[in-house]
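Below: the structure, in structure tokens.
The values are calculated or read from the model by the stated rules, or taken from the named source; none is laboratory data. Worth saying up front: this structure is predicted, and the values here are computed from it rather than measured. Cβ coordinates were reconstructed from backbone atoms using ideal geometry, including for glycine residues, and neighbour counts include every protein chain displayed.
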Amino acid sequence: MKKNQRLLFTILISAIGALVVAHAEDRGMLQSTTPAEIQLPIQGDLPSLGSATEWLNSPPLTAAGLRGKVVLVNFWTYSCINSLRQLPYVRAWAKKYRDQGLVVIGVHAPEFGFEENVDNVRQALKDVKVAYPIAIDNNHAIWNAFDNQYWPALYFVDAQGHVRHQQFGEGHYEQSELIIQQLLAEAGAKSIDHALASVDATGAEAAADWDDLHSQENYVGYERTENFVSPEGAASDSHRVYTAPAQLELDHWALSGDWTMGKQATVLNEAGGRIVYRFHARDLHLVMGPVARGRPLRFRVLIDGKPPGAAHGTDVDAQGNGTLTEQRMYQLIRQPKPIVDRQFEIEFIDPGVETFAFTFG
């Protein structure tokens, strides 16, 4: 999604999700299209990768050193739900086409401050099982060199170092794989398996339920939040004891307890603080973590005032109990149908949590 315009992008996707993702990727049309039939004009040259602040899973790579290889550049950040839902496909392509000459490079361009911590990124790579090269782009220098505006974004580069195609946001996976195959064929790869890669997308990586996705991403820091309805109002960068209304309108949210609302994140000062949010989606996620690294924090989740039961996400049990162990996106709700308006509540048993953004799927 577009930097500084993620909310607008999510509203658009939630409004036309099935049309944008499923219908635009009509299986019959794409499977009857051979790679040679896709028009891929030259759009420029692969920009320099030399401004990466660090490389993981690889020594530093250069545009010149990649000549002769087909390159797929993936801009992502590890707490972004859109990046996570695209990731199973990128992993599968990296594995399937590696021996045919494909090099996948993940450019990790952080959105939140904690994503600049390279140790956090290293842990995330283990969690999501990514073994291909990762360029750490903490200064967004590579991002700017590509003139990129989205998480996630894919850039397809041929063996001569020319950018031939881009894909912004989720979806169009079959077309993307056909483009990889075409560029490999142009580079002289032999015996390309034209069957689509097998993708296992589970947990938070599973595709969104676009038909029922009516709630859009929302931030918890005061700079970009929407629909905050605690009657005390937001106190920027200072302690305040908040209360939450008993009933919320759809997509409204509130705090309860002693919090400090910062520009990017809101921090709990005393145990027992709560966040309530009324939403309409299959999945609810919250980007959050301990302020003090290495200090586990307990929390409890309710949905419509009750333990989630079968509606619990991968990071909580059926009683709604969970523990924060690092700064990342936590899946708290994955509810079975029917999907209707629900009131979500999370209570933090321990203080010292910082919360960043709600996302839905």
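Can you tell me which residue among Glu116, Glu54 is closer than 23 Å to Glu326 by Cα, surrounded by fewer than 22 Cβ atoms within 10 Å (Cβ to Cβ) and in contact with a Pro (Cβ under 7 Å, 6 or more places away or on another chain)? Selected residue: Glu116, the only one of Glu116, Glu54 that is closer than 23 Å to Glu326 by Cα, surrounded by fewer than 22 Cβ atoms within 10 Å (Cβ to Cβ) and in contact with a Pro (Cβ under 7 Å, 6 or more places away or on another chain). Taken together, the residues in segment 285-313 that are loosely packed, with under 15 Cβ neighbours inside 10 Å and either over 16 Å from Gly203 (Cβ atoms) or in contact with a strand residue (DSSP E or B) (Cβ under 8 Å, 6 or more places away or on another chain) (or both) amount to 10. Tell me which residues, restricted to segment 57-81, are surrounded by fewer than 20 Cβ atoms within 10 Å (Cβ to Cβ) and either outside the structural domain of Ala187 (by TED's automatic domain parsing) or closer than 17 Å to Leu125 by Cα (or both). Residues satisfying the conditions are Asn57, Ser58, Pro59. In segment 142-198, the residue that is farthest from the chain's Cα centre (by Cα) out of those that are farther than 30 Å from Phe112 by Cα and among the acidic types (Asp, Glu) is Glu186.
Somewhere in segment 303-325, is a residue under 29 Å from Asn117 (Cα atoms), in contact with a Ser or Thr (Cβ under 7 Å, 6 or more places away or on another chain), assigned by TED's automatic domain parsing to the domain that holds Pro231 and at pLDDT 95 or above? No; the residues of segment 303-325 include none that is under 29 Å from Asn117 (Cα atoms), in contact with a Ser or Thr (Cβ under 7 Å, 6 or more places away or on another chain), assigned by TED's automatic domain parsing to the domain that holds Pro231 and at pLDDT 95 or above. Out of the residues in segment 132-174 that are of a type in the set (Gly, Ala, Ser) and part of a strand (DSSP E or B), state the one that is surrounded by the most Cβ atoms within 10 Å (Cβ to Cβ). Out of the qualifying residues, it is Ala135. If the condition is being farther than 15 Å from Glu347 by Cα and either of a type in the set (Phe, Trp, Tyr) or in contact with a helix residue (DSSP H, G or I) (Cβ under 9 Å, 6 or more places away or on another chain) (or both), then segment 288-317 contributes Arg293, Gly313, Thr314.
In the set Asn138, Asn117, only one residue is under 21 Å from Glu54 (Cα atoms), out of contact with any helix residue (DSSP H, G or I) (no Cβ under 9 Å at 6 or more places or on another chain) and either in contact (Cβ under 8 Å) with a residue 40 or more places away in the chain or not assigned by TED's automatic domain parsing to the domain that holds Arg328 (or both); that residue is Asn117.
Within segment 188-204, the presence of at least one residue that is within 30 Å of Gly101 (Cβ to Cβ) and among the basic types (Lys, Arg) is confirmed. Report every pair of residues separated by at least 6 positions or lying on different chains whose Cβ atoms are under 7 Å apart, first residue within segment 61-74 and touching a residue at least 40 places away in the same chain (Cβ under 8 Å), second part of a helix (DSSP H, G or I). Qualifying pairs under 7 Å: Val70/Ile180; Val70/Leu183; Val70/Leu184; Leu72/Trp93; Leu72/Ile180; Asn74/Val90. Restricted to segment 186-280, the set of strands (runs of 3 or more DSSP E) holding at least 2 residues that are aliphatic (A, V, I, L, M) comprises 253-261, 266-268, 274-279.
Note on segment 67-85: residues that are assigned to a helix (DSSP H, G or I) and in contact with a helix residue (DSSP H, G or I) (Cβ under 8 Å, 6 or more places away or on another chain) total 3.
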